[in-house]
Structure formats: C-alpha cells, structure tokens
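No lab work stands behind these numbers, since they all come straight from the coordinates. Everything numeric here is computed off the predicted structure, so don't read it as measured data. Cβ sites come from the backbone with ideal geometry, for glycine too, and all protein chains shown count toward neighbours.
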Amino acid sequence: MTVNFQGYLSDIVDEAIRRGIVQTKTEALRAGLLELADKYELGRKSLGKEEDDEREILREVAKIEKEIKAGRIKTYSKKEFEKRMGLD
C-alpha cells in the first residue's frame with residue numbers, strides 16, 4: 001500500500017519523527033490507526049498479545065509526552081545526561 005501525506009498531515013508526521021515519537025512514516029500511520037481504534041473501540045475482536053502490547057506502549061508514550069510538555073518531566077541531551085551521571 002502506498003500512502004501520500006501532504007500539507008498539514010505531512011507536517012504532523014514529520015514532527016512526530018523529529019520529536020522521536022515514531023521512527024518512520026509507517027510507524028506514524030500505525031500509531032494513528034491504533035489511537036483511532038482505541039478512541040472508537042474498533043477491531044477489539046482481532047487484537048492479539050502483540051497489538052495489546054503495542055497499544056499499551058503508545059498510551060505510555062502519549063502520557064510521557066504530556067508530562068514533558070507540562071514541565072513535570074525534564075529531558076536531557078546525551079551529553080548532559082553523561083555529565084550528570086559522571087560518565088563524561
């Protein structure tokens with residue numbers, strides 16, 4: 001399947017990749033579909049262990065993103081982290 005994202009949708013996908021929320025456009029599409037399924041309770045009959053795990057991971061990522069945006073979790077660059085841990 002080939003999917004073309006343009007304009008606003010392309011911007012969303014690019015930002016999700018840039019922020020490290022997803023690694024690829026395919027992963028972004030998968031995450032979006034899982035969120036849609038979760039919101040509207042779609043496809044519940046066909047969920048297996050792998051899909052349940054993936055859904056739980058996506059929920060946790062969304063929760064952490066909200067915490068970071070709200071300033072309740074601080075993030076560090078690799079260099080900052082190494083310095084704080086005395087690894088530099």
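A few comments on the model shown:
- Matching residues in the range 30-57 - criterion: being surrounded by 11 or more Cβ atoms within 10 Å (Cβ to Cβ) and under 30 Å from TYR76 (Cβ atoms): ARG30, ALA31, GLY32, LEU34, GLU35, GLU54, ARG55, ILE57
- Hits in the range 10-24 (condition: surrounded by 12 or more Cβ atoms within 10 Å (Cβ to Cβ), of a type outside the set (Asp, Glu) and within 23 Å of ILE68 (Cα to Cα)): ILE12, VAL13, ALA16, ILE17, ILE21, VAL22
- Near pairs, Cβ below 8 angstrom, 6+ apart or cross-chain, from the range 48-62 (closer than 13 Å to GLU35 by Cβ) to any residue that is outside any helix (DSSP H, G or I): ARG55/LEU47; VAL61/ILE21
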